[in-house]
Amino acid sequence: MRRAIAAGVLGTMLLFSARAAVALPDYYNDGESNPLRVAAYVIYPVGYALEWLIFRPLHYVVSRPELEPVFGHRPHQEAGSPD
């Protein structure tokens, strides 16, 4: 019985994931010709790389419990609470 349920769940997951993987045609619209949109195609990957290569590791170092007093970092759950 358990195998039948597991097989059914697995089959359902595979069915829906296969439908989601089918790419729809990417139609062009005039909003994509906006100069700011074109600039974003160049700027976005740079920002993404900066986030993952510089800012996330920097936050990791600053947020260490022993270094929080030095950098003045407060954990996110305490950020809205008054001192």
Residue satisfying condition, being surrounded by 10 or more Cβ atoms within 10 Å (Cβ to Cβ) and either among the hydroxyl-bearing types (Ser, Thr, Tyr) or not in a helix (DSSP H, G or I) (or both), within set Tyr60, Tyr44: Tyr44
Scanning the range 63-77 for residues that are charged (D, E, K, R) and surrounded by 10 or more Cβ atoms within 10 Å (Cβ to Cβ), the one modelled with the lowest pLDDT turns out to be Arg74
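The values are calculated or read from the model by the stated rules, or taken from the named source; none is laboratory data. What you are looking at is a predicted structure, and each value in this text was computed from that prediction instead of being measured. A quick note on method: Cβ atoms are made from the backbone with ideal geometry, for glycine too, and the neighbour counts reach across all protein chains shown.
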